1. For the range 31-66, which residues satisfy the criterion of being open to solvent by less than 50 Å² (accessible area, probe 1.4 Å) and assigned to a loop (DSSP other than H, G, I, E, B)?
2. So which residues in the range 154-181 are open to solvent by less than 10 Å² (accessible area, probe 1.4 Å) and either of a type in the set (S, T, N, Q) or in contact with a Cys (Cβ under 6 Å, 6 or more places away or on another chain) (or both), if there are any at all?
3. Report every pair of residues separated by at least 6 positions or lying on different chains whose Cβ atoms are under 9 Å apart, first residue within the range 286-304 and under 25 Å from residue 131 (Cα atoms), second aliphatic (A, V, I, L, M) and open to solvent by less than 100 Å² (accessible area, probe 1.4 Å).
4. Look at residue 231 and say whether it is among the charged types (D, E, K, R), surrounded by 15 or more Cβ atoms within 10 Å (Cβ to Cβ) and away from the ligand (no atom under 16 Å from the Cβ).
5. Report whether or not residue 323 is in contact with a Gly (Cβ under 7 Å, 6 or more places away or on another chain) and open to solvent by 50 Å² or more (accessible area, probe 1.4 Å).
6. List pairs: first in the range 187-208 and within 15 Å of the ligand (Cβ to nearest atom), second in a loop (DSSP other than H, G, I, E, B) and modelled with pLDDT under 80, Cβ under 7 Å, 6+ apart or cross-chain?
7. Cβ-Cβ under 9 Å, sequence separation 6+ or interchain: first residue in the range 239-256 and aromatic (Phe, Trp, Tyr), partner outside any helix (DSSP H, G or I) and more than 9 Å from the ligand (Cβ to nearest atom). Which pairs?
8. Could we say that residue 223 is under 27 Å from the mean Cα position of the chain (by Cα) and part of a loop (DSSP other than H, G, I, E, B) here?
Amino acid sequence: MRQRLSCDQYVNGILAGDRLLLSRAITLIESRHPDDQLLAQDVLSTVLAKSSTNFNSTRVGITGVPGVGKSSFIEILGAHLTGLGHRLAVLTVDPTSQRSGGSLLGDKTRMEQLSMNPNAYIRPSPAGDSLGGVAHRTRETLLLCEAAGFDVILIETVGVGQSETVVHGMVDFFLLLMLAGAGDELQGMKRGIMELADALAITKADGDNIPSANRARVEYQNALHLFPPTDTGWYPPVLTCSATTGDGIDHIWQTIVEHQQLTRRSGYHTTHRHEQQLAWFRSLLRHELDSRFFKQPAIRAKLEAIEKQVKAGTLFPVQAVQSLLGSPEES
Ligand code: GDP
């Protein structure tokens, strides 16, 4: 077994930008072992106390259905960003990787160029039991990456289910990648996600696809006009890009920079991050309450019988809850 390092060794390594120690600290965060978890919390709180740079970072969420071109886009955006002198971390939130062993976002062979770039750090989705757990570990990982000097954090998620809402809750800017002409059913499904987006980008706008990408841009721009304005004074634009030719990549980054400038000037950036912190705390608290409750021997002993009665219709669900928790006056 690998020797465990001290808290200071991790902290100093991370603050010095040591990628190996950063990776090992993230592995601690992802560990289920209680000793690892304690050490991980120590490392995290010491690192955060010693680094004050994280408000200067840019956190960007990127989503889109499988095949839309997320990894190709991140590969080329990453090259652009490191060319501008940024240091970039790419994290993924992929709840499917827990269920099937396989993952919609694929394995580490994605973003081959970027993974060899010394100014980029790629970390796939942590293994975890629930989206909530995965999200929690990703937030902690994000903080460590920032402390290690990565100033742009891209969080990629696959455009199915709840993971985009969760990622939206941890980023400053949320980018939705879309295909031109992908059909109404897909767009219907995307409506909720469209409302979260700070920008839409139509991918694969190259060669024969250019006219349809431009048509899609106009259609989505019209659709976005129907949404109520956001409280930041920011109007989500619809852009086009190609990972093959590189067209539009610079413009997308410029858009993100403008959004950052606007929200930092208005104070929204700080307020928004504070609200995200609070929401994180609340979701952790609920998660912890839930798991502590179900771990209690007395509850475990009663639960099975109660569930049987509820199923059989001999005990009404409301009464079943009262009999487990006691009535509100008692607590
Ligand atoms: P992901 O599943 O969203 O990560 O999508 P990928 O990045 O793996 O891309 C899916 C497919 O689309 C691959 O076959 C890519 O080669 C192709 N693709 C990605 N970006 C572009 C692009 O800008 N132009 C064209 N023509 N094809 C692209």
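The values are calculated or read from the model by the stated rules, or taken from the named source; none is laboratory data. Predicted model only: the values in this text are computed from it and were never measured. Cβ sites come from the backbone with ideal geometry, for glycine too, and all protein chains shown count toward neighbours. Calculation scope for accessible area: heavy atoms of the full protein, side chains included, ligands and nucleic acids excluded. Shrake-Rupley method; radii C 1.70, N 1.55, O 1.52, S 1.80 Å.
1. Start the filter on the range 31-66 by keeping residues that are open to solvent by less than 50 Å² (accessible area, probe 1.4 Å), which leaves 31, 36, 39-40, 43-44, 46-47, 51, 54, 57-65.
If the condition is that a residue be open to solvent by less than 50 Å² (accessible area, probe 1.4 Å) and assigned to a loop (DSSP other than H, G, I, E, B), then 31, 51, 57, 65 are the ones that fit.
2. 157, 163
3. 293/299; 293/324; 294/303; 299/324; 303/324
4. Numbers: among the charged types (D, E, K, R): yes; surrounded by 15 or more Cβ atoms within 10 Å (Cβ to Cβ): no; away from the ligand (no atom under 16 Å from the Cβ): yes.
For residue 231, the condition - among the charged types (D, E, K, R), surrounded by 15 or more Cβ atoms within 10 Å (Cβ to Cβ) and away from the ligand (no atom under 16 Å from the Cβ) - is not met.
5. On the way: in contact with a Gly (Cβ under 7 Å, 6 or more places away or on another chain): no; open to solvent by 50 Å² or more (accessible area, probe 1.4 Å): yes.
No, not satisfied.
6. Every condition considered, the pairs that remain are 193/159.
7. 253/84
8. Values: under 27 Å from the mean Cα position of the chain (by Cα): yes; part of a loop (DSSP other than H, G, I, E, B): no.
Considered against the rule, which asks whether it is under 27 Å from the mean Cα position of the chain (by Cα) and part of a loop (DSSP other than H, G, I, E, B), residue 223 comes out as no.
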